[in-house]
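What follows is calculated from the coordinates using simple rules that are stated; it is not laboratory data. Predicted model, so just to flag it, every value in this text is computed and none were measured. Glycine also receives a Cβ, built like all others from the backbone with ideal geometry; neighbour counts cover every protein chain displayed.
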Amino acid sequence: MNKQRISYIPLQQMTPEMIAEMERCAREGTPRPESSAVRAHVPACFWFFANAWQEVFRTGVLEHAIKEVCRLYVSRAVVCEFCGNQRSIKGQSEGVHEAQVDDLMNFEKSAKYDERQKAALAYAEAIVWRSETDDAFWERLYRHFSEAELVELGCAIGLTYGQQSWLRLLNIDHHQVMAGTTASMAPGFETAEALARTKAAPEYWARREKTKAS
C-alpha cells in the first residue's frame, strides 16, 4: 500500500461542532470521514469544504443527481480512488444508478444518459480537460440549464475537481477513520475486506483508467 502523505486528526482534538460533522460523514457519507479528518488540520479548511459541499453540492438550485454524475466523472478523469469509490445516497435516491458509472468516460455515445445529463457532463469534461468551447457548446448548455444552474454546476465541478486532484495524492482510503459504516460506499467497497478484494481485481476501474493514461 502506498504511504499516506498527510495524517488524520483524531476526534479528541476536534471541537464538538467538528465531531458532529464527522458523525454526519460517518452516517451519511459524501464525504466520508477520512478526507474530513485530513482537512481538520486547519479548521477553516474543514468548514470551508463542509459548508460549501452542503450548500453547493448536496442542496442548491440544481437537482443533486446532475451534480453527482459530474462528481463521478471528475473521479474517473483524475483517477481519485478515494472519491471514485463513494456514491451519494441522495444521488442514488434521485435515480443515479451504477450502470451509468461505467459509461462515464464514454457518456456522449452512451444510452444510459439523457440529453440533459450529457450536456452537464460535457460541461464537466470541458472544465477538467480545459477544452475550447464555442457558441454551439453554450447553446447546448442553455437548452437544458438556466444561468443560475450553470453557475452552481460550474462551482460544484470546480470544487470537486480541485479537491479530488489533491486527495488522490494523499493515499488515504476508506474504513480508516470512524470505521464500521457503509454509508455512501460504492458496491464492492462496503467493508475494508471487500475494498481490498475489489481493488485487487484486474477489472478494478482505477487500474483501467491509469493504464489508459500511461
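Here the residues His41, His174, ranked from fewest to most Cβ neighbours within 10 Å of their Cβ, fall in the order His41, His174.
For the chain, the longest principal axis of the C-alpha atoms and the axis of helix 115-129 are separated by about 70°. Put +1 on the Cβ of every Lys and Arg and -1 on every Asp and Glu Cβ in the chain; which of Phe49, Thr133, Ile66 then has its Cα farthest towards the positive end of the dipole? It is Phe49.
Computed over region 62-209, relative contact order equals 34 percent, with contacts defined as Cα pairs under 8 Å that lie 6+ residues apart. In whole angstrom, how far apart do the alpha carbon centroids of region 43-113 and region 115-134 sit? Spelled out, the Cα-based centre of one part sits 15 Å from the other.
When +1 charges are put on Lys and Arg Cβ atoms and -1 charges on Asp and Glu Cβ atoms, the dipole computed for the chain relative to its Cα centre reaches about 760 debye.
Close amide-amide hydrogen proximity is noted between Gln86 and Ala186, each under 5 Å apart and 5 or more residues distant or on a separate chain (H modeled in the peptide plane; Pro and chain starts excluded).
Placing unit charges on each Cβ (+1 for Lys and Arg, -1 for Asp and Glu) gives the chain a dipole about its Cα centre, and among Val79, Pro31, Leu195 the Cα reaching farthest toward its positive end belongs to Leu195. Cα convex hull, the chain: 126 Å³ per residue, rounded to a whole number. Pairs from the list Lys109/Lys210; Lys3/Lys90; Lys67/Lys112 with a Cα-Cα gap above 26 Å: Lys3/Lys90.
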